[in-house]
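Single-structure report; data block below.
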Amino acid sequence: MKVHYETAGDGDVVVLSNSIGSNLRMWEPQVKPLTDNGFRVVRYDTRGHGSSPVPPGPYSISDLGRDVVELLDTLGVESAHFVGLSLGGMTGAWLGQHAPTRIRSLALTFTSVKPGNVDMWTGRAKQVRAEGMATIAEGSIGRWFTPDWISANPELAEELRQMTATTPAEGYASCCEAIAGLDLTAGLGTITAPTLVISGADDAALPPSHGQVIADGIPGAKFEVIDHAAHLGSYQQAGKFTELLLEHLKGAR
Ligand SMILES: O=C(O)CC1=CCC(=O)O1
């Protein structure tokens, strides 16, 4: 499936992959630092999100991974650095296992290879298909940011709440179904790409224990935990997140 994407800058390609309920705009804080450091940023909307197509679900993690391979084919890019947050990180873990020749390095952030809570994810899919996105959008903001960040940044928080509220319900639900029951643990040891794993100390959705499993499973992976970061730590602690990412990407050049 051809997903919607935007590119910026010149140099080695870095693909940025969004979390569930967001779109490529979530990477706004990273675009300038990456292009200023000689990378070509390719950010895309995961299927069912933003301006990408919304085929009827359920989707699987291999659907999401194959969309990235098709995107690289479209761009004529043999291999790219891949940075994913949450659902994007799960897509990255699939790519590292199933399309290793297309992946130069991986940054798997605020994510998991075995999220668990199967009933919660299937229940969320059912709720969204029945009621739409409004209730889910309220809940997302509470998981994405700590209460003090929301109080200090009310306009940004509202903008990001709108990002979730305007996500197509069928797309969101179908991605919940890709997460439900997911378990990519067994293949972690086959990943050969240089990998950075980042978790957030205040991420109640996918706490650092999930990142630790990934880092323990991938040979040579580096693991960092960012303080004062909830689930959308790339936004809440954009400075620290981008610093870690640039160090990793420059080391994998
Ligand atoms: O929104 C959430 O519940 C947290 C989350 C898990 C996977 C993802 O992309 O976001």
**Request:** Determine which member of the set LEU87, LEU106, LEU24 is under 15 Å from TYR172 (Cβ atoms) and crowded, with 21+ Cβ neighbours inside 10 Å.
**Result:** LEU87
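Every residue, every condition in (1) in contact (Cβ under 8 Å) with a residue 24 or more places away in the chain; (2) among the hydroxyl-bearing types (Ser, Thr, Tyr); (3) within 16 Å of the ligand (Cβ to nearest atom), yes or no:
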{"site": "ASP183", "(1), (2), (3)": "yes, no, yes"}
{"site": "GLY200", "(1), (2), (3)": "yes, no, yes"}
{"site": "PRO207", "(1), (2), (3)": "no, no, yes"}
{"site": "GLY220", "(1), (2), (3)": "yes, no, no"}
{"site": "GLY239", "(1), (2), (3)": "no, no, no"}
{"site": "GLY251", "(1), (2), (3)": "yes, no, no"}
**Asked** Taking the range 210-240, which residues are outside any loop (DSSP other than H, G, I, E, B), farther than 18 Å from GLY92 by Cα and open to solvent by 10 Å² or more (accessible area, probe 1.4 Å)?
**Response** VAL225, TYR235, GLN236, ALA238, GLY239, LYS240
**Request:** Give just the number: which of (1) closer than 19 Å to GLY84 by Cβ; (2) open to solvent by 20 Å² or more (accessible area, probe 1.4 Å); (3) part of a loop (DSSP other than H, G, I, E, B); (4) within 16 Å of the ligand (Cβ to nearest atom) does THR167 not satisfy?
**Result:** (2)
**Request:** For the range 99-118, enumerate the residues that are more than 15 Å from the chain's Cα centre (by Cα), of a type in the set (A, V, I, L, M) and within 16 Å of the ligand (Cβ to nearest atom).
**Result:** VAL118
**Asked** For the subset of the range 170-202 comprising residues that are under 20 Å from THR46 (Cα atoms) and hydrophobic (A, V, I, L, M, F, W, C), which member is surrounded by the most Cβ atoms within 10 Å (Cβ to Cβ)?
**Response** CYS175
**Asked** So LEU188 clears everything in (1) touching a Gly at 6+ places or on another chain (Cβ under 8 Å); (2) under 20 Å from ARG129 (Cα atoms); (3) of a type in the set (A, V, I, L, M) except one condition, right? Which one?
**Response** (2)
**Prompt:** Residues of the range 90-103 being more than 22 Å from CYS176 (Cα to Cα) and surrounded by fewer than 20 Cβ atoms within 10 Å (Cβ to Cβ), which ones?
**Reply:** ALA99, PRO100, THR101
**Options LEU34, LEU75, LEU71; residue that is touching a residue at least 40 places away in the same chain (Cβ under 8 Å), within 25 Å of GLN236 (Cα to Cα), hydrophobic (A, V, I, L, M, F, W, C) and away from the ligand (no atom under 16 Å from the Cβ)** = LEU34
**Asked** Does at least one position in the range 4-17 carry a residue that is within 13 Å of the chain's Cα centre (by Cα), more than 23 Å from GLY239 (Cα to Cα) and within 16 Å of the ligand (Cβ to nearest atom)?
**Response** no
**Message:** Testing ILE61 on (1) in contact with a Phe, Trp or Tyr (Cβ under 6 Å, 6 or more places away or on another chain); (2) hydrophobic (A, V, I, L, M, F, W, C); (3) open to solvent by less than 10 Å² (accessible area, probe 1.4 Å), one condition comes back false. Which one is that?
**Reply:** (3)
**Item:** Residue satisfying all of: in the range 119-148; open to solvent by less than 30 Å² (accessible area, probe 1.4 Å) and over 20 Å from the mean Cα position of the chain (by Cα); farthest from the ligand (Cβ to nearest atom) among these
**Value:** GLY132
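The values are calculated or read from the model by the stated rules, or taken from the named source; none is laboratory data. Keep in mind the model is a prediction, meaning the values are calculated, not measured. Ideal geometry is used to build each Cβ from the backbone, glycine not excepted, and the neighbour counts take in all protein chains shown. Just the protein is used for accessible areas: all its heavy atoms, side chains included, with ligands, DNA and RNA removed. Shrake-Rupley method; radii C 1.70, N 1.55, O 1.52, S 1.80 Å.
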